[in-house]
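No value in this document is a laboratory result; all are computed from the given coordinates. It should be emphasised that the depicted structure is a prediction, and the values quoted were computed from it without experimental measurement. Using ideal geometry, Cβ is built from the backbone for each residue, glycine included, and neighbour counts are taken over all protein chains shown.
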Number of protein chains: 2
Amino acid sequence: MAGLDDIFFPSSVAVVGASAEANSGTNLILLDPLLRYGFRGEIYPVNPRANEIRGLKSYPSLLDIPGPVDLVICALAARHMPRIAQECVQKGAKGLHIFSAGFSETGESEGKRLEAEVVALAQQAGMRVIGPNCFGLSCLASGLCTLNDMPTEPGGLAMASQSSAIAVEFTDAAATRGVRFSKAVCYGNGSDLNETDFLDYYGQDPDTRIIALYLEGVRDNRFFSVLRDVAARKPVLILKGGTSGAGGRAVSSHTGSLVGRGEVWWALCRQAGAVAATSLNDLVDLAVGFYHFTPPVGDRTAIVVFGGGLGVKAADDCERGGLSVPPLDAATRQTIGSFMPPVGTSTANPVDGSPGVIWMAGPLFKVLAALDTSPNVDLAMVHLWVPSHTHRANPEIVDDQADAMARAHRELSLHVVGINSFTGSPEAAETSIRTLQKCVGAGVPVFSNFHAAASSVHRFNNYHTNAGKPVPSTRHGKLPDVEGPRKEAL
Amino acid sequence: MAGLDDIFFPSSVAVVGASAEANSGTNLILLDPLLRYGFRGEIYPVNPRANEIRGLKSYPSLLDIPGPVDLVICALAARHMPRIAQECVQKGAKGLHIFSAGFSETGESEGKRLEAEVVALAQQAGMRVIGPNCFGLSCLASGLCTLNDMPTEPGGLAMASQSSAIAVEFTDAAATRGVRFSKAVCYGNGSDLNETDFLDYYGQDPDTRIIALYLEGVRDNRFFSVLRDVAARKPVLILKGGTSGAGGRAVSSHTGSLVGRGEVWWALCRQAGAVAATSLNDLVDLAVGFYHFTPPVGDRTAIVVFGGGLGVKAADDCERGGLSVPPLDAATRQTIGSFMPPVGTSTANPVDGSPGVIWMAGPLFKVLAALDTSPNVDLAMVHLWVPSHTHRANPEIVDDQADAMARAHRELSLHVVGINSFTGSPEAAETSIRTLQKCVGAGVPVFSNFHAAASSVHRFNNYHTNAGKPVPSTRHGKLPDVEGPRKEAL
């Protein structure tokens, strides 16, 4: 059988169903990104009705291509797929990615038959199948890419997702928050290559240090043993689809997976040392945390806000998320108190400052520098929020806060985290976007609320406390310090 | 004692500590809004070092003002407050709003003494005190306002908040999502007028149909009986600060309230029929739901998305939030199927459409019109999401989605809800802002994710099922259908 390196790093790719039309959806997803992401090998469009597509010579069929073809990407309707698979085998292709839907996920016998026929043909010839019903492979090191919102700059997170739409939204959202990727795969029905194959491969991939999975079901009974093995070496963040009755029904018409009972699934995942996400937003928050932090971080959190009530709720949210918000030591309080107005503020924790401190680059940095020297503080979370009317009066406030965060990240050993929501007026949201961009550009992790930040950091800490250590069976009681979604979230 | 009408609708207001400086914070919060929100009565700035402030004649002291003064707003330091209170009494003022901090919330005896002295003076004279340590009163019908992000257009939600910063962020965020206000009060330390007084008043206020509270503690032992009485007539949404250890400590330096145990607090609130919020975002989501919907809504939710995996997670999120996502009836599926591509889509529930259906105004409206005729559907939630690269290629997609939502809201009896997150790239977030504005402008409720939307609608339904009915004591078991934050969220 061909290995996964052969298909993530093919020396040539054919795109069957590429089109000469300007607005072709197939080109948008499957052909154009090969050009934009700088695919390193040969690209062969295949279409009997075109001579040239996007400046590349087009071939009437796979068999007309002069050289060898390592990977075939096919967007033709399901009924053509057995013939295409035959041609792939004849050309000695190592992988066939089937973009098209209309196979086993339809629940109909014809779709199931077509899928089984293609897989049987491929397995006989030692060719791997990706899909059907998915966007397939992305690998920044080879320039193979079907996820248009993945930054071209590479990074250490690899994703495998049964759903292409989830992969698109995930990569888009995580990239906006500073995460960079090594590889991704959307594997749809997982007829041949499945979650376990990709997890195993990512586990050994030197370009990958964090793995994110979106699964609707497990196809391979090696999954939990591979997961345990990989999770002991690299964090594996998992979002499970179909944990509700309606979600489970939706899965059956989406990828046709057997969903399994949520509770059993999560107990097994936790035992294997994986990190469980409760929602797509939560998976993004986990990715942002695991991507930006290096252990140890610790859980003693200083909160920096303008507004006492916001500090109270931030403290509630941090504790609910699993972190501690300890009182500050006297020396740190004294330092902060030396430049903070004495009335209507607090130097305890939360640090509740005046606008002249919290919204100004110099004084905000001084607060963070004071927290950096505190023996009681591991990380500082700063509320990057300014009311809409203040934005309108002083839009430069936004740059001040982001500048202080960037400088703190650069100069201090304290971990700094920005809390930046988009809840205000359109003008405020636009300046929030600028704050986010500046912070993210400087390497500062940013979350949309304190609870999301705390809960990401908490699970990061837990993972690094427990990684690689044997985890007791759930049969003998509650697992210590390894957290999945709570029962009612499943 | 003066009634609350006297201070929400004063015929004259004095602002002690108004300033001739252009960038005065006191003016920004306390004086300028009186002008901008069109206060109907006389405005008297008081400052011994100015003759004119913002075009108004300024007076050296309260006693120099020629006419009567109903409400005095004071921003002077705490030590001056007993003298000011004396002068208020001499002028026959009905209310004194103390903006300044430095009283009992400091935990120090001098601050406590000053607060007690002022309150004693006021009570002797029948004058009410608002604060200290707060932004005070806002009332759109009288033009009294200190919350600069409150829209001038009035509406039916009244807020009372112990924290001014929470009130600012809440009104800003809720206003952006279409909520309009009748009144608001930030009452800080609640030395005289407290949560119970304002709740009672809002309960009788004909301009108020929904009440939102942020409390750090309860000052008045009438609270739960007043709450039960008001909640039977109008929804009361409550966010509690200081539910964690660190949050409780923060409360003591913020407003000096006794926080009480979270579990006991919430059990009593639930028994009284209030609606509990778990976070500030959640309070905003509740406000958006209760503001936009009229009962009955029902819980049978149709989900409309582009992307099977996003549909699966949306279904999980809706069920987790307390709604049901039932299979669609055959007739509705057939109608939707008549204009949906047959492969790679689903007419079940979630409706998983192609870009040509979900991202285009005409076809998206046709989906919603089909759902409107379904006997199985109470409301439809539509994912207003387009990947960043698609935004870049076709920014007009955003207008298409918003147009379909606006038309559905106008023409159909189906409840339509938009799900619009700001998770994508800066360009996508900017177009998301436009979608939000268009939907909100058309009266469509919009939430940032399916779980938040579902959980808001679920509690709306529960409130209207249970309002005014006797709720059994928690001592005899779990309360049916009345939901507060789960235990671990307290």
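Points to keep in mind about this one:
- By DSSP, the beta bridges lying fully in the stretch B:294-444 are antiparallel in about 10 percent of cases.
- Summarising the overall dimensions of the protein assembly as shown from its C-alpha atoms, the Rg and Dmax are 30.0, 102 angstrom.
- Volume per residue of the convex hull around the Cα atoms, evaluated for the stretch B:271-415, comes out as 132 Å³.
- Placing unit charges on the Cβ atoms of the charged side chains and taking the dipole of the protein assembly as shown about its Cα centre, the candidate lying farthest along the positive direction among B:VAL386, A:GLY126, B:VAL218 is B:VAL218.
- Label geometry 7 Å along the beta-carbon vector: A:GLY67 inter-copy distances in nm: 8.9
- Residue pairs, from the table B:LYS91/B:LYS240; A:LYS234/A:LYS366; A:LYS234/A:LYS438; B:LYS183/B:LYS366; A:LYS313/B:LYS183; A:LYS57/A:LYS240, whose Cα atoms sit over 31 Å apart: B:LYS91/B:LYS240; A:LYS234/A:LYS366; B:LYS183/B:LYS366; A:LYS57/A:LYS240
- A Cβ-based charge dipole, computed about the Cα centre of the stretch B:294-444 with Lys and Arg at +1 and Asp and Glu at -1, lands at about 80 debye.
- Sorted shortest first, the distances from the B:GLY245 label point to those of the same residue in the other copies are 4.1 nm; each point sits 7 Å from Cα along Cα-to-Cβ.
- Modelled FRET efficiency - R0 41 Å, B:GLU396 with B:GLN204, Cβ distances, 0.05 increments: 0.25
- Between the Cα long axis of helix B:397-411 and the first principal axis of chain B there is an angle of about 80°, rounded to the nearest 10.
- Hz values of 3J(HN,Hα) by residue in the stretch A:214-226 - Karplus curve (6.51, -1.76, 1.60), Gly and Pro given as x: 10, 10, 9, x, 10, 9, 10, 6, 7, 3, 5, 6, 5
- Per-residue average of Cβ from other chains inside 10 Å of A:147-153: 3
- The residues B:SER11, A:SER58, when put in order of fewest to most other Cβ atoms within 10 Å, stand as B:SER11, A:SER58.
- With contacts taken as Cα pairs under 8 Å and at least 6 residues apart, the stretch B:294-444 reaches a relative contact order of 24 percent.
- Along the axis of the charge dipole computed for the stretch A:63-168 (Cβ charges of +1 for Lys and Arg, -1 for Asp and Glu, origin at the Cα centre), the listed residues A:SER138, A:ILE166, A:GLY155 are led at the positive end by A:SER138.
- Fewest-first sequence of B:MET340, B:MET405, A:MET360 by Cβ atoms within 10 Å of each Cβ: A:MET360, B:MET340, B:MET405
- The amide H of A:THR278, built 1.01 Å from its N in the peptide plane, has A:LEU283 as neighbours under 5 Å, considering only residues 5 or more places off or on other chains.
- The stretch B:1-151: antiparallel DSSP beta bridges as a percent of all, rounded to 5: 15
- Restricting attention to the protein assembly as shown, close to 15% of DSSP beta bridges with both partner residues there are antiparallel.
- Among residues of chain B, the one whose beta-carbon sits closest to the B-to-A rotation axis is listed with its distance in Å as B:PHE422, 2.
- Volume per residue of the C-alpha convex hull in the stretch A:89-134, rounded to whole Å³: 61
- Sequence ranges B:241-250, B:69-78, ranked by mean other-Cβ count within 10 angstrom, highest first: B:241-250, B:69-78
- Cut-off under 5 Å, modelled amide H: who pairs with B:TYR59 long-range: B:VAL46, B:ASN47
- Charged side chains reduced to their Cβ positions (Lys and Arg at +1, Asp and Glu at -1) give chain B a dipole of some 620 debye around its Cα centre.
- Exam field: B:ASP229 pseudo-label spacings to other copies (7 Å along Cα-Cβ), nanometres: 7.0
- One quarter of the convex hull surface built on the alpha carbon atoms of the stretch A:112-181 amounts to 5.5 nm², the projected area averaged over directions.
- With the gyration tensor restricted to C-alpha atoms of the stretch B:137-288, the semi-axes of the equivalent ellipsoid amount to 22, 17, 15 Å, longest first.
- Summed over qualifying helices (DSSP H, 4 residues or more, each -39500 (n - 2.57)) and divided by its residue number, chain A shows a 222 nm mean residue ellipticity of -12000 deg cm²/dmol.
- Alpha carbon centroid spacing (whole Å) that separates the stretch A:64-80 from the stretch A:378-406: 52
- Evaluating 6.51 cos²θ - 1.76 cosθ + 1.60 at θ = phi - 60° for every residue in the stretch A:382-391, the Karplus couplings come out as 10, 7, 8, 10, 9, x, 3, 5, 6, 3 Hz, glycine and proline recorded as x.
- Inter-chain neighbour count for B:278-291: the average number of beta-carbon atoms from partner chains within 10 Å of each residue's beta-carbon is 2.
- Signed unit charges on C-beta, dipole axis of chain B, positive-most listed residue B:VAL179, B:GLY92, B:GLY441: B:GLY92
- Normalising the average separation of contacting C-alpha pairs (under 8 angstrom, six or more residues apart) by the number of residues puts the relative contact order of the stretch B:1-133 at 25 percent.
- Averaged over A:101-109, number of beta-carbon atoms from partner chains that fall within 10 Å: 2
- Cα-based helix-to-principal-axis angle, B:262-271 vs chain B, degrees rounded to 10: 70
- Our summary gives the stretch A:306-375 a relative contact order of 36 percent, counting only alpha carbon pairs under 8 angstrom and 6 or more residues apart.
- Extent along the principal axes, Cα only, for the stretch B:176-239: 33, 25, 19 Å, with the longest axis given first.
- For chain B, the extents of the C-alpha atoms along the principal axes are 80, 57, 38 Å, listed from largest to smallest.
- Charge dipole of the stretch B:398-469 (Cα centre as origin; +1 on each Lys and Arg Cβ, -1 on each Asp and Glu Cβ, all else neutral): 440 debye, rounded to the nearest 20.
- Distant-in-sequence amide H partners of A:ARG128 (H built 1.01 Å from N, under 5 Å): A:ALA2, A:GLY95, A:LEU96
- Angle between chain A longest axis and helix A:426-441 axis [Cα atoms, degrees, rounded to 10]: 80
- Spin-label pair B:ASN221/B:GLU411, simplified geometry with 7 Å Cα→Cβ offset, distance in nm: 6.1
- Binned Cα-Cα distance frequencies in the stretch B:1-133 - 10 Å width, integer %: 13, 46, 34, 7, 0
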